[in-house]
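The values are calculated or read from the model by the stated rules, or taken from the named source; none is laboratory data. This structure is a prediction, so every number in the text was calculated from the model and none was measured. Glycine also receives a Cβ, built like all others from the backbone with ideal geometry; neighbour counts cover every protein chain displayed.
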Amino acid sequence: MDEVRDVMRLRHYSIHTERSYCAWIRKFVHFHNMKSRDDLADGEKKIESFLTHPAVHGDVAASTQNQAMNALIFLYRKALKQNPGEEINAVRANKKLNIPVVMTMEETARV
């Protein structure tokens, strides 16, 4: 984690980004019960399973899942200098569709 923080500070990441990325990396490590750096091998499959779990078993927003993915990609590419894989095919959370509530023409005329 110290290496991740050092890389983020060298790249002038926000302290808020640093905290959230470190939290996601900790969750990733605990999810897979990793004990050593060697456990980080085969990153593509581990990232896929980690990102798929909350989308299937939990009610997670798409933006939250995207943040977790960005944190893990940062870990592998920037901090560990490894390529986690070309394409990560995790089950994606559905994006929330916000439909605006508007008044009908009749309601507007009454007002």
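Checking the condition closer than 13 Å to residue 46 by Cβ and either at pLDDT below 85 or of a type outside the set (Ser, Thr, Tyr) (or both), which residue from 79, 68, 109 passes? Spell out the reasoning first.
Working: 79 fails: closer than 13 Å to residue 46 by Cβ; 109 fails: closer than 13 Å to residue 46 by Cβ.
After applying the criteria, what remains is 68.
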Any idea which of (1) exposed (fewer than 12 other Cβ atoms within 10 Å of the Cβ); (2) assigned to a loop (DSSP other than H, G, I, E, B) is the one residue 109 doesn't satisfy? (2)
Residues being loosely packed, with under 15 Cβ neighbours inside 10 Å, of a type in the set (A, V, I, L, M, F, W, C) and within 18 Å of the chain's Cα centre (by Cα) - total across the range 1-14: 1
